[in-house]
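Below: the structure, in structure tokens.
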Amino acid sequence: MSFIEIRQLTKQFRQAVKEPGLAGAVKHLFSQKYVDKTAVAGINLNIEEGETVAYVGPNGAGKSTTIKMLTGILIPSSGTISVGGIDPYRNRMENARTIGAVFGQRTQLWWDIPISETFSLLKDIYEIPEALYKRNLDQFIELLGMEDFLHLTARKLSLGQRMRADLAAALLHNPRTVYLDEPTIGLDIAVKQRIREFIRASNKEHGTTVMLTTHDLGDIEDLCNRLVIIDQGSLIYDGTLAAVKDRFARERVIHFQLESADLPALREALDRMPKVTADRLERQHVSLRFDRFHITASDVASAVMRCGEVVDFRIDEPGIEHVIKQVYEGRISLDEQHAGKQTAAGTEANRR
Amino acid sequence: MSILRSTRRTLFLYRRLFGTQLKAILEYQTDFFIMIVSAVLTQLLGIVFLWVVYNRIPDINGWTFWEVVFMYAMIYLTEGFGSLFFEGTWRLGGLVNRGELDVMLLRPVSPILQVLTNGIGMNGLGNIVIGFIMIGQALTKVDLHWSFGKILIAILLILTAVAIRVSINLAANTSAFWIKNAGNAFPIMIHNLGEFAKYPITIFSMGIQLLVAVLVPFAFVSFFPAYYLFDKSTSPWIWLAPPVAAIYCGAVAYMLFRIGLRKYESAGN
Amino acid sequence: MNAWLRLPRSWRAYTGIATRSMQNTLAYRLSYVVNFASSFVLLIAMYALWNAIYAGRDELAGMSWTQMKTYLIISFISNSLLSYYSETRISGKILDGSVSADLLKPLDFQKARLAETLGSTVIEGGLTVIITFIVVLSASGILKPDFIHSLLFILSILASLLVKFGIVYIAGLLCFWSTGSLGIVWARMAVTSLFSGALVPLSFFPGWLEKLSLVLPFQGIVHTPASIYLEEVNVWGALGLLALQCVWACVLWLCGKLMWSWAVRQITIHGG
């Protein structure tokens, strides 16, 4: 049995349909139409203790709804959830003791009291032993750099400060599971780094299970060893980040800096190579785009070396954001069996 | 967890959460004075009304001025306790509509306790003060035979009245789980039913009597305590009715909250 | 005539506001029904109470039970024309700071608020009047005035709206000086209820209090329409009362205008 087990999880909301304008308002007076909107549609997922899982998808895919069911805020329409053997909705309070959550768009700090007092209130709420509280607080203040704003009220904090305080508040009681819903949204890169390091440290030190939704692919690359992609309420991918990259980041761009190049010869060589196009073709700079399932980087490089003296070269991989964006947009399908060489990791990912 | 320990913990957490709100409100709000004065003004208005009417007639349906003042005062006093210590009930609608209940559901503390302590209405202070003054006046102006037992019962009746009022407030505000718009006036309507309980309910039609004695039992806040204290009842056990009503109201409010929570959609994200 | 034709164009923005306000009111129709029901609860309570007060008595303070019944209904109608929501909207705007957005609009704040208020009144007030009259006409024993008094009554109800708006607006602006509470709104409601005759007919007051009420603007909200409806004044007296209402409406409007410009200066100085 896995630490977190999700079986056939479904959530539907009922929405009233409204028509615009005064006439619409009058019409709405007499007849009301509703539609059932399915936010989560039969998700199955197992997560082991200590895993760090990125839960990704476009807006409205059902990420937050899943997290809210996992934390016990929402009751599932059907299906079951077990977190460490506990049903989060039925035994919400019991579950709440062992989890921490940060919702990027919503603070759990008390708006009008200093941050330090929020922490001490949380100590009483979670019944954190004095020694543990002191140790964690000191450590968090240092790791997250909160010294400067501990005495301020949440109302007065900047977004980055607030998010750090929120994160500290969520982890103060050493939760076994942490749910992070867009924890880095709108933050500058320095704060992002700090938050990622903090989460990584907590995972390493306490074996905290982390489930993270994000639009920031840097978060995923830095934090998560597993990637789950959801779209329109259903899982469309579950596997490693590397596997996605291997399978779908097929395109590479190789940039050469040359002493001098024999351009006509190079053009001729390019024509002979399959699926290689030139982004740039000058005497001293050549950039070639190729599909690595059809030709290797070394083949491309040696072809160029034959036509000139290479001083330096570098290979660009497409970012994971590019890949995931393509998945959302339906331009690449994760189920599709590709004609090219399947990497071992990719095949494994597909089976899970 | 033993009952004793869980009660102690609930009281402790109430104190902590209430204290937090109090600190926040003292820091950020400065015009308590206006709120308290306007609350007193509103309540005095009712007394002016009674005074004007009783200037022209000696009694209404056998009830004298001070007896009715007592019922008014019970309504004010419980409203005051509701505002000062449990104002959060009135904010439940906002919490639900903005999805802010999420945060409370994440914590290992009863969400009801967190909702109750989610605000402080300083105006309640005005109501409590004027309520106690009027109750004191009424009980001294009317010729009563006091005994030790009766004093204890009087205190019990005030406590149960507060419990009934707060339970009704909470129950009425759980309507926010079903009526999902910002201007939900249902709780205000229920609150307004308290108007009936300012007067001897015997002046009303049977339907209204049943409404305020059974369905939304405001009558146990004011009328029945008055009925007992002013010796209008032939049964000496009538004082047992309000505590029973308090348990009933508390249970209904709790049930409605639990059922409503299943409807919670955590909107506004 | 020419000026009248030009009015619609310059007023289009304001009629737009009024229409939007009507739409909002319809969108929150359940609130309206519940709101109506909750003030109806108060009417029923007052009715039963006065019924008990009049038990065994022919008249009190010069009013018979029939007159009293009628008075209660009229008072209910004139109070329901502006809902609680309309009454708190202006102060709400100031308390939650959304007033700063209004400052950016090329509209006169006072006129825009009046348009908004009248817009929701068309729906809320209209429904209230219809429902109440259906209830009342089916109930027996309610007085009905003659034609000319009915006409004057309708005019005075409209004038009472303007008077009430003037008071609500001024009290709303007072919220600029208080930091975030509804205290001023409650205080205004209490004072209005007392001096308008909504609490109890002014004739029930001791002489000094009645005299005081009659020199204040609040009487125009309930007492004036009710006296006209109950034919307590003749046609000339009614016209005089109507004129007084209009004078008060203008005075309050000008006070509101002055206060607004003063308040705006405060905002710009303190930076909102």
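The values are calculated or read from the model by the stated rules, or taken from the named source; none is laboratory data. All of these numbers come straight from a predicted model, not from anything done at the bench. A quick note on method: Cβ atoms are made from the backbone with ideal geometry, for glycine too, and the neighbour counts reach across all protein chains shown. Each accessible area value is taken on the protein alone, full model and side chains, heavy atoms only, with ligands, DNA and RNA left out. Shrake-Rupley method; radii C 1.70, N 1.55, O 1.52, S 1.80 Å.
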With Cα coordinates, the longest principal axis of chain C makes an angle with the long axis of helix C:147-174, in degrees rounded to 10, of 40
So the carbon and sulfur contribution to the accessible area of region B:3-263, 1.4 Å probe, in percent, is 69
With label points set 7 Å from each Cα along the Cα-to-Cβ direction at A:R314 and C:V247, the distance between them in nm comes to 8.6
Stretched fully, the stretch from C:K105 through C:Q266 gains (0.36 nm per residue minus C-alpha distance, one decimal, in nm) 56.1 nm
Using alpha carbon centers only, region B:85-106 is separated from region B:208-222 by a whole-angstrom value of 27
Taking protein heavy atoms only, a 1.4 Å probe, and rounding to whole percent, the accessible area of chain A owed to carbon and sulfur comes out at 48
Using alpha carbon centers only, region B:227-267 is separated from region C:212-226 by a whole-angstrom value of 42
Here, C:L209 and C:N51, labelled 7 Å along Cα→Cβ, have an inter-label distance in nm of 2.6
With Cα springs under 10 Å, the Gaussian network model of chain C assigns the largest mean-square fluctuation among C:Y54, C:Y169, C:Y71 to C:Y54
Sequence order, region C:125-136: Karplus ³J(HN,Hα) from phi using 6.51 cos²θ - 1.76 cosθ + 1.60, θ = phi - 60°, Hz rounded, Gly and Pro as x, gives x, x, 4, 4, 4, 4, 4, 4, 5, 4, 4, 5
Taking protein heavy atoms only, a 1.4 Å probe, and rounding to whole percent, the accessible area of region C:2-270 owed to carbon and sulfur comes out at 71
Once phi for every residue in region C:250-263 is put through the Karplus expression 6.51 cos²θ - 1.76 cosθ + 1.60 (θ = phi - 60°), the whole-Hz ³J(HN,Hα) values, with Gly and Pro written as x, are 5, 4, 5, 4, 5, 4, x, 4, 4, 4, 4, 5, 5, 5
Any residue on another chain or 5+ positions along whose placed amide H is under 5 Å from the amide H of A:G100 is listed here as A:T177, A:V178, A:Y179
Expressed in angstrom and rounded, the centroid-to-centroid distance over alpha carbons for region B:119-134 and region A:260-317 is 84
Which of A:N91, A:N174, A:N225 fluctuates most in a GNM of chain A (C-alpha springs under 10 Å)? That residue is A:N91
Computed ³J(HN,Hα) along region A:286-298: with the Karplus parameters 6.51/-1.76/1.60, θ = phi - 60°, integer Hz and x for glycine or proline, the list is 10, 10, 10, 9, 9, 9, 6, 7, 9, 8, 8, 4, 5
Highest GNM mean-square fluctuation among A:P76, A:P114, A:P129, for chain A with Cα springs under 10 Å, belongs to A:P129
Within 10 Å of the Cβ of an average residue in A:120-133, the count of other chain Cβ atoms is 2
The pairs in B:K180/C:K111; A:K68/A:K156; B:K198/C:K164; A:K68/B:K180 lying past 23 Å Cα-Cα in this model are B:K180/C:K111; A:K68/A:K156; B:K198/C:K164
The FRET efficiency for B:D143 and A:E94, from their Cβ-Cβ distance with R0 = 56 Å and rounded to 0.05, is 0.45
For A:K325, the lysines lying under 21 Å Cα to Cα, once residues fewer than eight places off in the same chain are dropped, come out as A:K63, A:K245
Accessible-area loss of at least 20 Å² in the complex relative to the chain alone (1.4 Å probe) applies, within region B:40-58, to B:L41, B:T42, B:L45, B:V48, B:F49, B:W51, B:V52, B:V53, B:R56, B:I57
Under the 7 Å Cα-to-Cβ spin-label approximation, C:I134 and A:I185 lie apart by a distance in nanometres of 4.6
Taking r as the C-beta separation of A:E221 and A:R267 and R0 as 35 Å, the FRET efficiency to the nearest 0.05 is 0.40
Over the protein assembly as shown, the sum of -39500 (n - 2.57) across DSSP H runs of at least four, divided by residue number and rounded to 500 deg cm²/dmol, gives at 222 nm -19000 deg cm²/dmol
Between chains A and B, the summed loss of accessible surface on complex formation, probed at 1.4 Å and reported to the nearest 100 square angstrom, is 3000
Taking Cα atoms only, helix B:32-54 is inclined relative to the longest principal axis of chain B by an angle, in degrees rounded to 10, of 30
Here the longest stretch of chain A that holds no GluC sites (Glu not before Pro) in a DSSP loop having at most 13 other beta carbon atoms within 10 Å is A:128-281
Mean projected area, convex hull of alpha-carbon positions in region B:187-252, reported to one decimal in nm², is 4.5
Buried accessible surface, C vs B, both sides, probe 1.4 Å, in Å² to 100, equals 3100
If the label point sits 7 Å along Cα→Cβ of B:W237, residues of region B:204-219 with amide N under 20 Å come out as B:214
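Kirkwood Rh and Cα-based Rg: tell me the resulting Rg over Rh for chain C, rounded to two decimals.
In chain C, Rg relative to Rh is 0.98.
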With Cα coordinates, the longest principal axis of chain A makes an angle with the long axis of helix A:189-206, in degrees rounded to 10, of 70
For region A:250-316, the Cα convex hull volume per residue in Å³ comes to 64
Heavy-atom accessible area per residue of the protein assembly as shown, all protein chains kept, 1.4 Å probe, expressed in Å², is 45
